[in-house]
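The values are calculated or read from the model by the stated rules, or taken from the named source; none is laboratory data. Being a predicted model, the structure only gives us computed values, none of them experimental. Cβ coordinates were reconstructed from backbone atoms using ideal geometry, including for glycine residues, and neighbour counts include every protein chain displayed. For accessibility, only protein heavy atoms count, side chains too; no ligands or nucleic acids. Shrake-Rupley method; radii C 1.70, N 1.55, O 1.52, S 1.80 Å.
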Amino acid sequence: MPREFELCPGRRIGGDNPCFIIAEIGQNHQGDLDIAKRMIRMAKECGADCAKFQKSELEYKFNKKALERPYTSKHSWGKTYGEHKRHLEFSHDQYRELKKYAEEVGIFFTASGMDEMAVEFLHELDVPFFKVGSGDTNNFPYLEKTAKKGRPMVISSGMQSMNTMRQVYQIVKPLNPNFCFLQCTSAYPLQPEDVNLRVIPAYQSAFPDIPIGYSGHETGIAISVAAVALGAKVVERHVTLDKTWKGSDHQASLEPKELAELVKAIRAVEKAMGSPIKQLLPCEMACNEKLGKSVVAKVTIPEGTILTLDMLTVKVGEPKGFAPEAIFDLVGQKVKKTIEEDETITEQAVENHVKKVKC
């Protein structure tokens, strides 16, 4: 069983613990603090475990030319990429306000630290865990510094190879044992043929001592639910209040109704996973009593007859008798009394019958 650990105070992941559901608000708040708070409350009301944002210290994430690059996209909030990103970036004080609001609402709060200085701030903010976005997963110095902070880590794997993920594991594991990997494909929106859910069991095999999860950018909820059925212990999905809003992430995000449906579906799947032991269940007894079949006499069988297969058949019988799987065991046994045609064959009618115990 995959190792488990406490991701947030009082909330463990891995093993038989419930899937941890992250509502990735990211920058879908449009740079508006009130919208951000509405989204935190929405995440809580829909049943998510955590509301997550993206924090950057722009001069540490981008070089000058990247920030000065003209940005003419329909999703732009400024003439340059720097102006665009500054519009969407909350200040430290605003982050403190959002974290306090999340605490009041009753939902865990964190953010992806998109550069080393952002991680420093989030550490000072005392978030319960660090989220490593796919863009920093192969940023090994960043990983080392983040791991050394000692907080649990959730590491996405978009744009990476298995070889890189093995290196990530080797870097992080000695420094910080409390981390998990998320299968992820960095495309927005993500097409089903590019999801590759089979990476989840591949990760489980390659890294059996850490939980494995899924970060999805597809539309709808079916694929994320399937990820849980494959064993994902963390699921992260982008969320929005309106998919038509300006911003490149909205289209690949879940609106409130969809998020609520996702949470409900994940919890149903977790219950449905149940036990690996196949057996007749109490809930099946009524159906078994009504429709379960028994061995009956195909012909009249006189007292003292040695049973042969051509004397027997299987029907829904009244009363219940031998279950169908016992028919071959009855062959060669002697009957103690005459059994009429179409009559159920019961234990009392068979000489020296020893009931076999089902395994």
In the set Ala102, Ala23, Ala66, the lone residue that is more than 32 Å from the chain's Cα centre (by Cα) and either open to solvent by less than 30 Å² (accessible area, probe 1.4 Å) or modelled with pLDDT of 95 or more (or both) is Ala66
Considering segment 195-222 alone, what residues qualify as being crowded, with 16+ Cβ neighbours inside 10 Å and either at positive phi or out of contact with any Asp or Glu (no Cβ under 8 Å at 6 or more places or on another chain) (or both)? Leu197, Val199, Ile200, Tyr203, Gln204, Phe207, Ile210, Ile212, His217, Glu218, Thr219
Residues in segment 103-126: is at least one under 18 Å from Phe179 (Cα atoms), polar (S, T, N, Q) and touching a strand residue (DSSP E or B) at 6+ places or on another chain (Cβ under 9 Å)? yes
Out of Lys99, Lys44, Lys61, which single residue is of a type in the set (Lys, Arg) and in contact with a Phe, Trp or Tyr (Cβ under 9 Å, 6 or more places away or on another chain)? Lys99
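Conditions tested, residue by residue: (1) surrounded by 23 or more Cβ atoms within 10 Å (Cβ to Cβ); (2) of a type outside the set (A, V, I, L, M, F, W, C); (3) out of contact with any Phe, Trp or Tyr (no Cβ under 8 Å at 6 or more places or on another chain).
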site: Ser112; (1), (2), (3): yes, yes, no
site: Phe121; (1), (2), (3): no, no, no
site: Ser134; (1), (2), (3): no, yes, yes
site: Asn139; (1), (2), (3): no, yes, yes
site: Lys148; (1), (2), (3): no, yes, yes
site: Met159; (1), (2), (3): no, no, yes
site: Gln167; (1), (2), (3): no, yes, no
site: Cys180; (1), (2), (3): yes, no, yes
site: Ala187; (1), (2), (3): no, no, yes
Here the qualifying pairs (Cβ atoms under 6 Å; residues six or more apart or on different chains; first in segment 73-99 and assigned by the TED database to the domain that holds Lys55 and free of Cβ contacts under 8 Å to residues at least 24 places away in the same chain; second of a type in the set (Asp, Glu) and part of a helix (DSSP H, G or I)) come out as Thr80/Glu68
Would it be correct to say that Pro128 is in contact (Cβ under 8 Å) with a residue 60 or more places away in the chain, under 21 Å from the mean Cα position of the chain (by Cα) and on the phi < 0 side of the Ramachandran plot? yes
Within segment 206-263, work out how many residues are β-branched (Val, Ile, Thr), touching a residue at least 60 places away in the same chain (Cβ under 8 Å) and touching a helix residue (DSSP H, G or I) at 6+ places or on another chain (Cβ under 7 Å). 5
From the option list Glu343, Glu289, Glu325, single residue qualifying as modelled with pLDDT under 95 and of a type in the set (Asp, Glu) is Glu289
Restrict the check to segment 48-60 and report whether at least one residue is in contact with a strand residue (DSSP E or B) (Cβ under 8 Å, 6 or more places away or on another chain), open to solvent by 50 Å² or more (accessible area, probe 1.4 Å), modelled with pLDDT of 95 or more and in the same structural domain as Pro177 (by the TED database). no
Any residue at all in segment 265-288 that's open to solvent by less than 50 Å² (accessible area, probe 1.4 Å), touching a residue at least 12 places away in the same chain (Cβ under 8 Å) and farther than 30 Å from Val239 by Cα? no
Does Ser91 meet the test of being surrounded by fewer than 19 Cβ atoms within 10 Å (Cβ to Cβ), over 25 Å from Arg11 (Cβ atoms) and of a type in the set (S, T, N, Q)? yes
